[in-house]
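Readers should treat all values here as calculations from the given coordinates under stated rules, not as data from a laboratory. Nothing here was measured: the structure is a model prediction, and the numbers come from that model. Here the Cβ positions follow ideal geometry from the backbone for every residue, glycine too, while neighbour counts run over all protein chains shown.
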Amino acid sequence: MTVRVPREGRVLFIGDSITDADRDRADGADMGRGYAMMAAAWFTAAHPAHRVTFLNRGIGGDRVRDLRARWEDDCLALAPQVVSVLIGINDTWRRYDSDDPTGVEEFERDYRHVLGTTRERLDAALVLMEPFVIPLDDRQRAWREDLDPKVAVVRRLAAEFDATLVAVDAAFAAADTDDRVWTDDGVHLTPSGHALLAQHWLRAVVPDATPPAHPAPAATAGLAV
């Protein structure tokens, strides 16, 4: 399913450090240096007349519980027409580096809450991006035990909430190249990794083809300048 972005609409990217990508949080318009910035730039370059506003509210280290805690201020209050969510890898990672797991039931409960609240409060299209890991060693390959059920939750919620799913979990594995082209640590992306992520996002999002309510007047032939 393709998401159509209305003219002069607002698109919100929200999630963890992959979305954050070193954005200046004091500047509400800063898009960071990652896939969100790239997708916004490419969309705008291709469709400048649409005058779409893009916002980034990624915060490094966030889990889905953190997203739920700030959803009112960082999503609902901004009234976007498109909400793009990428969350979940920290819910897995903290199990392995801090012995602080997020159970699948808790993950689904909190994710379902933010989607349900959005459906109740906003007339917004939803884009759900799968969490992913690009394992560089056997230790990270073992993370799949924890991550795979969470990816399944995101897929199930996308179907339930009529959201567009961006299936990125397999995208990196499908590319026939060294995984270090995409990542230095298995989670955070290189510029090439962010570009691949942005490309997949852009395949799911297009401008609304509805003509503007007040089209510009046609140019007059022979008008002196």
Residue tally, condition closer than 30 Å to D178 by Cα and exposed (fewer than 15 other Cβ atoms within 10 Å of the Cβ), over the range 111-131: 0
Qualifying residues in the range 1-54 (those that are over 13 Å from the mean Cα position of the chain (by Cα) and among the acidic types (D, E)) - the one surrounded by the fewest Cβ atoms within 10 Å (Cβ to Cβ): D27
Which numbered condition I134 fails, given (1) assigned to a helix (DSSP H, G or I); (2) crowded, with 20+ Cβ neighbours inside 10 Å: (1)
Residue that is nearest to the chain's Cα centre (by Cα), among those in the range 55-89 that are crowded, with 16+ Cβ neighbours inside 10 Å and basic (K, R): R57
Scope the range 167-203; condition of a type in the set (K, R) and closer than 15 Å to M38 by Cβ; matching residues: R203
Pair list, Cβ < 9 Å and 6+ apart or interchain, from the range 38-56 residues that are without any contact (Cβ under 8 Å) to a residue 24 or more places away in the chain and under 15 Å from H194 (Cβ atoms) to residues that are of a type in the set (G, A, S) and surrounded by 13 or more Cβ atoms within 10 Å (Cβ to Cβ): A41/A198
Pick from the range 90-110, criterion surrounded by 15 or more Cβ atoms within 10 Å (Cβ to Cβ) and of a type in the set (D, E), ranking: farthest from V64 (Cα to Cα): E108
